[in-house]
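What follows is a set of notes on a single structure, which appears directly below.
The values are calculated or read from the model by the stated rules, or taken from the named source; none is laboratory data. What you see is a predicted model, and the numbers here were worked out from it, not measured in a lab. Neighbour counts are summed over all protein chains in view; Cβ atoms, including those assigned to glycine, are modelled from backbone coordinates with ideal geometry. Areas reflect the complete protein model, heavy atoms only, side chains present, ligands, DNA and RNA absent. Shrake-Rupley method; radii C 1.70, N 1.55, O 1.52, S 1.80 Å.
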Amino acid sequence: LKGVIVTLSDNGHLQCSYLGTDPSLFQAPQVDSREINYEEFDAEMKELQKIIKEATKTQDILPKSEKHRDLIVTAEVSPDLDAESQAIDSEVKAEAVPSVTVKIKIQSRVTAQKPNLAVCVQAPLAVTCDQFVFDDLEPDSSETVVLSVFLKGNCSPSELEGNCVVSYNTPTDLNPEGIPKVAQCNFRLPLRLICFPAQPSKAANHKLTIDTNKPPISFLTIFPDFVDSSEDDQANVLGFEFLTGSKTTLLASKTSQRYRIQSDQLEDLWLITEELTLRLREHFKKQNCKDFACTFSGSIPLQEYFELIDRHFELRLNAEKFQELLSERAVQFRAIERRLLTRFKDKTPAPLQHLDTLLEGTFREVIALADAAEENQANMFQAFTKLKSATHLVIMLISLWQKLSADQVAILEATFLPLAEDTQELGWEETVDAAISYLLRTCLSKSSKEQALTLSSQLCMPKDTSRLKKNITLFCDRLAKGGRLSLSTESTTQQAAVMPGGCTTIPESDLEERMAIPGSTATFPNHGQIAKQKSK
């Protein structure tokens, strides 16, 4: 073929393409104007219905719901870090970047055609190999793969969860090509992968206190991988240093049933707080203690959370500016190119009038802008990761404060963490604002008038974050006043009847007006305090 364009990408994909379009060879058939025989159509319809009925009886085309799954995938994370790190091209500036081995086993009870395994971890974590393609699996056969996970980006991850997904086809009599199916499993990575023991620090900018209903447990018991058994002073205080350099301190009270987590960065509190609650629940579960519970009675750190939101949004605005400037310089570059081309094609030589100098200067501007946009993109990714960590923390604190059920926590997570990746076309701020606005007008509404308000059908990047921050504050205020998260319509109408009505949305309360005053702080009381106020 003449004019074929052959391209080779960075990933090794070879592509042969050509410019132009394929001709359309379709011709509309002539309309048959003969009279319709309804009796023949009725007979044909009955025959087809009979065939459909027979096919649905056999249940062979549809996947069967069996007690035992056709294919099972399991992931086993090594209890120890790799003796020799498998980290590749890590951007972390630490002396050593550890890795941990994950062993994944696929067991098939039936014939599995074209099995593909995909291993996913949240960036900045990475795996040594994330895609595996196997030959067809015979019944009662298995495949095992081993890979390593490590921290690639120079920031702490927002979660330590990983996911394995196997896609495959199972052939049937009526469908020899196979029915597409999916099997998956989750695994959790160790905390030692991203941090190591360090000297505890007494001073910190951010502090959280988690209350429990059981006496405090020695860190020698619940954090054996971070505590040296020979040092007794680590039984009640423990220091963590992330590979990125930031530190977090964990303290257990000797007299009360409380644990304190403190750090200079709000986002660094999340993983340690999550690990503490998980290990405490695991410890009491082994002791057959079913009534263990964690609670949070402090104030939700909304002001610090809003600072992270503003930082992320500022970088999004910068990205938009870089995009506009790049577009302008690119137009200028092409215009100069056209002028130069015209001069070079001219039969009578003419002076270039410094067009070549202008072209070189514009080219340098385009490269400088592209480098700046790339750096801003990297900063925005780190800001979004920090925002996700802080969001996880806020969700956990709200759930402990309000003692939410698993279903209500799932609604919170779907509201505040709707996106795995952040883009200019669909960003975190507008998506979360739309979700919170929906909840404020349904299950958290104060009157039927609020329920009748219509939401905007378009998601576009806002001018600023004031509306989002106002809605988040209002959301917490409604929860503090007894609001309950639910997606069912019945509970929504009941909630509207229980909540006091007759209030306009803006300004909603004294708390909302205080939020508008710079430097003011808002704390949300728990249900017990509200009940006492009502009784008075």
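So how many residues does the range 172-207 have that are assigned to a strand (DSSP E or B) and without any contact (Cβ under 8 Å) to a residue 12 or more places away in the chain? Looking only at that region, the number is 0. Within the range 208-227, restricting attention to residues that are outside any loop (DSSP other than H, G, I, E, B) and polar (S, T, N, Q), the residue that is modelled with the lowest pLDDT is Thr221.
Of the residues that sit in the range 136-157 and are assigned to a loop (DSSP other than H, G, I, E, B) and touching an Asp or Glu at 6+ places or on another chain (Cβ under 8 Å), which one is surrounded by the most Cβ atoms within 10 Å (Cβ to Cβ)?
From the range 136-157, those assigned to a loop (DSSP other than H, G, I, E, B) are 136, 138-140, 152-157; that's our starting set.
Subsequent filtering for residues that are touching an Asp or Glu at 6+ places or on another chain (Cβ under 8 Å) retains 152-154, 156.
Values: Lys152: 19, Gly153: 18, Asn154: 16, Ser156: 25.
Across the range 136-157, the extreme among qualifying residues is Ser156.
Ser297 meets all of the listed conditions (1) in a helix (DSSP H, G or I); (2) in contact (Cβ under 8 Å) with a residue 40 or more places away in the chain; (3) closer than 28 Å to Glu159 by Cβ but one, namely (1). Here Gly178 meets each of (1) modelled with pLDDT under 90; (2) open to solvent by 30 Å² or more (accessible area, probe 1.4 Å) with one exception, condition (2).
Please enumerate the residues belonging to the range 181-205 that are within 18 Å of Phe134 (Cβ to Cβ) and open to solvent by less than 80 Å² (accessible area, probe 1.4 Å).
Taking the range 181-205 as the starting set, the residues that turn out to be within 18 Å of Phe134 (Cβ to Cβ) are 181-185.
Across the range 181-205, the qualifying residues are Lys181, Ala183, Cys185.
From the list Ala123, Ala83, Ala87, Ala96, exactly one residue is open to solvent by 30 Å² or more (accessible area, probe 1.4 Å) and touching a helix residue (DSSP H, G or I) at 6+ places or on another chain (Cβ under 9 Å). Which is it? I'd like the intermediate steps shown before the answer.
Details: Ala83 fails: touching a helix residue (DSSP H, G or I) at 6+ places or on another chain (Cβ under 9 Å); Ala87 fails: touching a helix residue (DSSP H, G or I) at 6+ places or on another chain (Cβ under 9 Å); Ala96 fails: touching a helix residue (DSSP H, G or I) at 6+ places or on another chain (Cβ under 9 Å).
Checking each option against the conditions leaves just Ala123.
Among (1) of a type outside the set (Asp, Glu); (2) part of a strand (DSSP E or B); (3) out of contact with any Asp or Glu (no Cβ under 7 Å at 6 or more places or on another chain), where does Val119 come up short? In the conditions (1) of a type outside the set (Asp, Glu); (2) part of a strand (DSSP E or B); (3) out of contact with any Asp or Glu (no Cβ under 7 Å at 6 or more places or on another chain), Val119 misses (3) alone.
Search the range 158-175 for residues being of a type in the set (D, E, K, R) and either under 24 Å from Leu278 (Cβ atoms) or in contact with a strand residue (DSSP E or B) (Cβ under 6 Å, 6 or more places away or on another chain) (or both), and hand back the single one that is surrounded by the most Cβ atoms within 10 Å (Cβ to Cβ). Quick ask: steps written out before the conclusion?
Going through the range 158-175, the residues of a type in the set (D, E, K, R) turn out to be 159, 161, 173.
When the remaining residues are screened for being either under 24 Å from Leu278 (Cβ atoms) or in contact with a strand residue (DSSP E or B) (Cβ under 6 Å, 6 or more places away or on another chain) (or both), the result is 159, 161.
Details: Glu159: 18, Glu161: 14.
It comes out as Glu159.
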